[in-house]
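The values are calculated or read from the model by the stated rules, or taken from the named source; none is laboratory data. Everything numeric here is computed off the predicted structure, so don't read it as measured data. Every residue, glycine among them, receives a Cβ derived from its backbone with ideal geometry; neighbour counts consider all protein chains shown.
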Amino acid sequence: MITIIDYECGNLGSIQNMIKKIGGASRISSNPEEIANAKKLILPGVGAFDTGIKNLHDKGIWDILNKKVLHEKIPILGICLGMQLMTKSSQEGVLSGLSWIDAETCKFSFEYADKKRKIPNMGWNFIQLKKESVLFLNMYENPRFYFVHSYFVRCYNNQDVLAIAEYGFNYHCAFEKENIFGVQFHPEKSHKYGMKLFENFIAL
């Protein structure tokens, strides 16, 4: 059973439907007790960084998340804003992130890119894996995923970088550190590629 965290900032139904489609079991919850008993977590997210951080605090989820992830070491997958909340900070806001990953969330800037791009970055894009990962085990060739974002994650420890994508320049679109996984793209909107990724997360 995967617990999808509801902190009023996520595309929850689509994630649950995708997991159901591949035969997995999940529940959507903002209940701290249910989250405290979870064996696997998904932290989704759509919206502003500071709003997400504030909602995690206001709903009494913040401390439980740190306990589950940092001490119990259960697998957690951050999606889009959920990935960004795992970093130390964001150029979008002023609040501190969960700081599980030595990384910062940055605004797209194309000052030194080959050409300016539209913001947000919206649509399908190929990714390039930088290391082996259970999350991409037996993934289809030339994996591509659906993106919608105006900010991206910059990891400061290269060992955490799982994949990169190109949008005017190469940026980090996925990270992995022990039991912590984050993806900037939306696997729930990425057809067979997203289904395979969720299958691998379920199998952990």
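Taken residue by residue, region 156-175 has no member that is touching a Leu at 6+ places or on another chain (Cβ under 9 Å) and of a type in the set (Ser, Thr, Tyr).
Among (1) surrounded by fewer than 21 Cβ atoms within 10 Å (Cβ to Cβ); (2) at pLDDT 95 or above; (3) of a type outside the set (Phe, Trp, Tyr); (4) more than 26 Å from Met1 (Cα to Cα), where does Ala163 come up short? Every condition holds for Ala163 apart from (1).
Applying the criterion of being crowded, with 20+ Cβ neighbours inside 10 Å and either closer than 20 Å to Lys196 by Cβ or aromatic (Phe, Trp, Tyr) (or both) to the residues of region 13-40, the residue that is nearest to the chain's Cα centre (by Cα) is Ile15.
Among the residues of region 15-26, is any in contact (Cβ under 8 Å) with a residue 60 or more places away in the chain and touching a strand residue (DSSP E or B) at 6+ places or on another chain (Cβ under 6 Å)? Taking every residue of region 15-26 in turn, at least one turns out to be in contact (Cβ under 8 Å) with a residue 60 or more places away in the chain and touching a strand residue (DSSP E or B) at 6+ places or on another chain (Cβ under 6 Å).
The single condition among (1) surrounded by fewer than 17 Cβ atoms within 10 Å (Cβ to Cβ); (2) in contact with a Leu (Cβ under 6 Å, 6 or more places away or on another chain) that Met1 does not meet is (2).
Of the strands (runs of 3 or more DSSP E) that lie entirely inside region 48-159, those containing 1 or more residues that are hydroxyl-bearing (Ser, Thr, Tyr), surrounded by fewer than 18 Cβ atoms within 10 Å (Cβ to Cβ) and in contact with a helix residue (DSSP H, G or I) (Cβ under 6 Å, 6 or more places away or on another chain) span 144-149.
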